[in-house]
Amino acid sequence: MGASLVPDLSYLLSVPRGRTAAHCRISGGCQAGHHMGMAPSARQAHRQVTALATADLPLDELGAELSAALRGLVPHEGYCLIGFDPVSGLRAFQTARDALNDNGARLVRNETVEHDLNRFTDLTRRADPVGTLGGGTPGEARSPRLYEILRPQGFSRELRLALRGGGTLWGALVLLREHRRRAFSDQEVAAAAAIAPPLTRAVKRVSVRPHGQPPPPLPPGVAVIGPDGAAEAISPQATAWFSDLHISGGLPPADPLPHTVLAAAAAARAAGGAHAGQLARIRTKSGRWLSLAACSLGGSRVAVVLQPATPDQLLPAIAAWHDLTPRQLDVLRLLLHGHPVKQIARRLGLSPHTIEDYLKALYRKTGTNSHQELIATLR
């Protein structure tokens, strides 16, 4: 990605004292430490996030630049940017800095089992997709996340933004403030909501942004997870897949399961079995496509299988991420199965010229230039 497509965000920094040393970053070739500066207007921040939506940055860099763009408008000490599989709703990736890194199983339980405030799925259904903790919201005195997860890790304020569109939860942004910081204001909540549309576009691009040629596929692996969310067994092949996932800061020895694995296990445990809805399609750091599926073993034990994703598994998510129409998806599916243009036209009852028009639309939406390039994005 050329540097010219990434705006210099250093002038937007306006950061309170506290957990700031870890946030020093490079932006536009100039190192920017965290110091008080000119706070950007909401319009400036919106422009910066809009630019990031088309920059196709690596995930960790996207998170860092997003945090910097928002820091003067909505000051925070920690953040987490999350993406979900658009078909299953399972977590597909996340990047974080100075966020909730301890006890991933406890976090997953809070999001999937406990009745807490501002769960991502609940925010998706609300008219306002933003929720906060730590500011006196009704019911937060009984919030397990606030008192059992956030506070023990040094945070007293949380802002959550659900990134949604067309009835789909695409991702989420979490901003955190440490003890003694003020609560998130109504103006900051409104500012966060205002950047939701361009940030949603950026999150949709993460899994399908251009990659180079990925390395050879890894062999299938499996992890067995107990009722308490602890790993009972992890195969060497699963460990190899874990090392290729987007995991900010790496996995601690005491908590060796990625959040994506724990979330899939929780979904399988809740459903009591395995079905297609429990498949997470994940683009790894190296550009491989991973299929992550969980199935119940009984007694709340779950097996999570990690293996190369097949093109047919990827198609529904690819169609969602690229906003393909049903007919464009039909053409892509037949092309993937080796049918030439004339056969596709006959099967769909259309003219070859119309199929060529559909292919041009597919090339434009996926950023490819030929049949071969288009098919390569699914392998």
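Of the residues making up segment 242-251, not a single one is assigned to a helix (DSSP H, G or I), more than 17 Å from the chain's Cα centre (by Cα) and more than 24 Å from A162 (Cα to Cα). So which residues in segment 321-379 are in contact (Cβ under 8 Å) with a residue 60 or more places away in the chain and among the hydroxyl-bearing types (S, T, Y), if there are any at all? T366, T377, listed by residue number.
The condition of being buried (at least 22 other Cβ atoms within 10 Å of the Cβ), assigned by TED's automatic domain parsing to the domain that holds L100 and either small (G, A, S) or part of a helix (DSSP H, G or I) (or both) holds for only one of A280, A238, A202, A294, that being A202.
Considering segment 108-119, and only residues there that are more than 13 Å from A266 (Cβ to Cβ) and not acidic (D, E), the residue that is surrounded by the fewest Cβ atoms within 10 Å (Cβ to Cβ) turns out to be H115. Among the residues of segment 90-111, just one is of a type in the set (A, V, I, L, M, F, W, C), out of contact with any Phe, Trp or Tyr (no Cβ under 8 Å at 6 or more places or on another chain) and assigned to a strand (DSSP E or B), namely F93. With the structure loaded, tell me whether G171 is farther than 21 Å from A96 by Cβ, in contact (Cβ under 8 Å) with a residue 24 or more places away in the chain and surrounded by 14 or more Cβ atoms within 10 Å (Cβ to Cβ) or whether it fails that test. It is false that G171 is farther than 21 Å from A96 by Cβ, in contact (Cβ under 8 Å) with a residue 24 or more places away in the chain and surrounded by 14 or more Cβ atoms within 10 Å (Cβ to Cβ). Out of A141, A192, one residue alone is under 19 Å from L73 (Cα atoms) and outside the structural domain of I282 (by TED's automatic domain parsing). It is A192.
The values are calculated or read from the model by the stated rules, or taken from the named source; none is laboratory data. As the structure is a computational prediction, the values presented were derived from the model and not from experiment. Neighbour counts run over all protein chains shown; Cβ positions are idealised from the backbone, glycine included.
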